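Read through the structure below, which is laid out as structure tokens, and then see the notes.
The values are calculated or read from the model by the stated rules, or taken from the named source; none is laboratory data. All values reported here derive from a predicted model rather than from experimental measurement. All Cβ positions, glycine included, derive from the backbone under ideal geometry; neighbour counts span all protein chains shown.
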Amino acid sequence: MEDYRELIRANILNEAIFIRATFSGHQAGATSQWQKIVIRPVELKNIRHLQFSYFDDKRDITKNYAGEEAIISLEEALAVPFRNFNIQTTTGDVQVNLSKKGKPQIYRSNTDDERRIKTNHDREKSVILTPDSATPYLQAVGIMTQDGKIRSDMQSKFKQINEFLRLVQEVGELDKLNTLDRPIHVIDCGCGNAYLTFATYYYLTQVLELPVEMTGIDVNRDLLSRHTQKIRSLGWEGLSFRATRIGDFMPEASPDIVLALHACDTATDDAIALGIKSQSRLIICAPCCHHHLQEQLRFHPSPAPFASVMRHGILHERMGDILTDSFRALLLRIMGYRTDVVQFVSTEHTAKNLMIRAVKTTKPGDMRFIQEYLDLKNFWRVTPYLEELIAEQLGQFVV
């Protein structure tokens, strides 16, 4: 057990090769405050630090440590009962997975690609929101310092926001919405810290100059109260927040766009169902964790061809993720949405890097997608949660 920890320590503390480390997944029967910890080197005031980003259900906290403090923080991170450890270096990757009994399985891969250690924060070559153009908004939400620089612990978040907006823009539906003789209605489901909510509203109203009425919904009332104060400081009149579960939310007007960035587990399904029931023109989600279908897969024997895949915990988990998002995409297609699943951002910025984009284009009930859905469902002997949520809309097509 100590050997694998020593291997992790040696790679992370080797300044010549260390790029990034991700600790995730809990050991059997163990719990922790943190779902994931990401470590990477950063240079602050010409001094090398290790940056630790701690993630739980609601937030992420980033702290930078140098010297002995960095070593102590690393030991504390290693003491958390994680089961998966990925370390990226300039020479290759080291992956450590712990079995249910706590036995480490160690995998090494070399790379011929040229990798370099990024301890500074490179400017993006092409972004929708730039620090110069979006200064008041970026400062209000805490992404930018008062002296006009993107915070070191917000670089990845800034990258995620810009990539999300680029992928929304890429769909091309915003040009059509611009022809409406009323404001565009937008809902951001499970908005949390609302970085995406504020960014989307800013982009639509300040960059594209569209009339917009946008609502961010979440269950955290205290967080939403702080967001409302930021709205007042910015003087934005078309943005508001509501404290409610996604499944309980009753929009005053049918949304044209439904968004969900990393809404946990079935909250993504709630967001998609809201969009389908409202016949939203555009539904865009970046899913987070996928527990609902994972549980069903555990209680059913694996289909014979996949027994060798499903006996491995990490492959079992990834298969559940793939199936969940495949079912979501198929159900959207059945309901008349042109749907694709694309990479959101690289895993350097977030491990949850898939995006489902759906544009309402046709009438529901395409038999090709219905048959694909039924075949996949019967093969795996599962019932996706999204099917339960849209049972009334789906019932006339799928029995």
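Descriptive notes on the structure:
- Scope the range 269-318; condition among the hydrophobic types (A, V, I, L, M, F, W, C), more than 15 Å from the chain's Cα centre (by Cα) and within 19 Å of residue 28 (Cβ to Cβ); matching residues: 297, 299, 310, 314, 315
- Identity of the residue in the range 1-57, at pLDDT below 90 and polar (S, T, N, Q), that ends up farthest from residue 316 (Cα to Cα): 46
- Number of residues in the range 281-304 that are at pLDDT below 85 and either closer than 18 Å to residue 353 by Cβ or outside the structural domain of residue 326 (by TED's automatic domain parsing) (or both): the value is 3.
- Of all the listed residues (165, 138), the sole one being in a helix (DSSP H, G or I), touching a Pro at 6+ places or on another chain (Cβ under 8 Å) and at pLDDT 85 or above is 138.
- Screening residue 225 against (1) more than 18 Å from residue 259 (Cα to Cα); (2) part of a strand (DSSP E or B) leaves a single unmet condition, (2).
- Selection over the range 250-285 of residues that are in contact with a helix residue (DSSP H, G or I) (Cβ under 7 Å, 6 or more places away or on another chain), more than 22 Å from residue 182 (Cβ to Cβ) and in contact (Cβ under 8 Å) with a residue 40 or more places away in the chain gives a count of 11.
- Filtered residues of the range 61-93 (kept if assigned to a strand (DSSP E or B) and either outside the structural domain of residue 33 (by TED's automatic domain parsing) or farther than 20 Å from residue 289 by Cβ (or both)): 62, 63, 64, 65, 87, 88, 89, 92, 93
- Within the range 235-325, strands (runs of 3 or more DSSP E) holding 2 or more residues that are surrounded by fewer than 19 Cβ atoms within 10 Å (Cβ to Cβ): 239-243
- Put simply, of 275, 247, 192, 216 the only residue that is on the phi > 0 side of the Ramachandran plot and assigned by TED's automatic domain parsing to the domain that holds residue 331 is 192.
- The C-beta contact set for the range 357-376 (first residue more than 16 Å from residue 395 (Cβ to Cβ), second residue among the polar types (S, T, N, Q) and in a helix (DSSP H, G or I), distance under 7 angstrom, 6+ apart or interchain) comprises 376/326.
- Scanning the range 76-117 for residues that are modelled with pLDDT of 85 or more, farther than 16 Å from residue 33 by Cα and among the acidic types (Asp, Glu) turns up just one, 93.
- Matching entry among 215, 135, 205, 197 (being without any contact (Cβ under 8 Å) to a residue 24 or more places away in the chain and of a type in the set (Val, Ile, Thr)): 135
- Lone qualifier among 216, 192 - being surrounded by 15 or more Cβ atoms within 10 Å (Cβ to Cβ) and in a loop (DSSP other than H, G, I, E, B): 192
- Residue check, residue 204 among the hydrophobic types (A, V, I, L, M, F, W, C) and assigned to a helix (DSSP H, G or I): yes
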